[in-house]
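Written below as structure tokens is the structure these notes are about.
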């Protein structure tokens, strides 16, 4: 089993909470306490990034140690407050319980939530599992979006991201299929002959809510998934209106919304700047996990296999983690 490096004490509570979850899920001792976190931060020397009160340098060594613990206590409390909030928000979808300590359920490693946490830590380039983390994340995100819009009984969806599952459809063919399924767009523009090198034009998934009357005008959402650390740079890459203007023969009667998906929990002090965007719905880990419900058996098994592979301690996983995959 891989050893999870202790984050700096100055890290955001989301990073420390993730570290506690991964450690509890991976360990034969599936319990983590505030004191465990304080002790780990102290051993790692990561308190160096947290300022001490003035005059502390003049204190004796034993008082310095006591002051260090006092400095770490509110940091640990903030991490556990966040863990408790996650449990309250997700309920049964959260594979841990909080009762003064963090305790992993027996099935924690097989949970979709832990897949998202592990994907945040290791990054999408970890590949020993049969399917890449990025591809699985697109499937997870589509499932959450469909549930958010109303569920499988009323919402239709299409996996557009490359490589496409179920075949090697070229971009033009996939776009024509999508337009036919939606009843909008009339297919790829004939004036766009050079599409051989186009993979997905940043479009990973599409969901729409049809009325069932075959007429145009419906809610539709174009989704982009960003599983890596460079997700902020991708926030504005996909613009549904621009995509339609460039690639579709005819624009949908109602312009699609944008959904943006990340497997991490966005820090609270950055939430406003990230979530504000015209016609953009932002899904972070907590929102995705809340709307997953019961995954289909194949997707649940594939995600569990990826998580097990990443947390098994193989060299590839360790190398990815060492590159800083846990940073928010």
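Restricting attention to region 90-114, the residues being in contact with a helix residue (DSSP H, G or I) (Cβ under 7 Å, 6 or more places away or on another chain) and not in a strand (DSSP E or B) number 10.
Is it the case that region 237-260 has a residue that's in a loop (DSSP other than H, G, I, E, B), touching a residue at least 60 places away in the same chain (Cβ under 8 Å) and under 14 Å from the mean Cα position of the chain (by Cα)? Break it down stepwise before answering.
Narrowing region 237-260 to residues in a loop (DSSP other than H, G, I, E, B): 237-239, 249-256.
When the remaining residues are screened for being touching a residue at least 60 places away in the same chain (Cβ under 8 Å), the result is 249-253.
The next check asks that each one be under 14 Å from the mean Cα position of the chain (by Cα); those that pass are none.
Within region 237-260 (the criterion being in a loop (DSSP other than H, G, I, E, B), touching a residue at least 60 places away in the same chain (Cβ under 8 Å) and under 14 Å from the mean Cα position of the chain (by Cα)), the answer is no, since none of the residues qualifies.
The set of residues in region 85-104 that are farther than 24 Å from residue 28 by Cβ, surrounded by fewer than 14 Cβ atoms within 10 Å (Cβ to Cβ) and without any contact (Cβ under 8 Å) to a residue 40 or more places away in the chain comprises 88, 91, 92.
Could you count how many residues in region 276-328 are in a helix (DSSP H, G or I) and modelled with pLDDT of 80 or more?
Going residue by residue through region 276-328, those that are in a helix (DSSP H, G or I) are 285-290, 297-310, 315-322.
Next cut, modelled with pLDDT of 80 or more only: 285-290, 297-310.
Number satisfying all stated conditions: 20.
For (1) surrounded by fewer than 15 Cβ atoms within 10 Å (Cβ to Cβ); (2) farther than 19 Å from residue 152 by Cα; (3) at pLDDT 95 or above; (4) out of contact with any strand residue (DSSP E or B) (no Cβ under 6 Å at 6 or more places or on another chain), each residue gets a yes or a no:
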| site | (1), (2), (3), (4) |
| --- | --- |
| 205 | no, no, yes, no |
| 215 | yes, yes, no, yes |
| 220 | no, no, yes, no |
| 223 | no, no, yes, no |
| 228 | no, yes, no, yes |
| 232 | yes, yes, no, yes |
| 245 | yes, yes, yes, yes |
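Just one of the listed residues (66, 147) is assigned to a helix (DSSP H, G or I), at pLDDT 95 or above and more than 15 Å from residue 17 (Cα to Cα), namely 147.
The values are calculated or read from the model by the stated rules, or taken from the named source; none is laboratory data. Quantities reported herein were computed from a predicted structural model and do not represent experimental measurements. Counting neighbours? That spans all protein chains shown, and the Cβs are built from the backbone with ideal geometry, glycine included.
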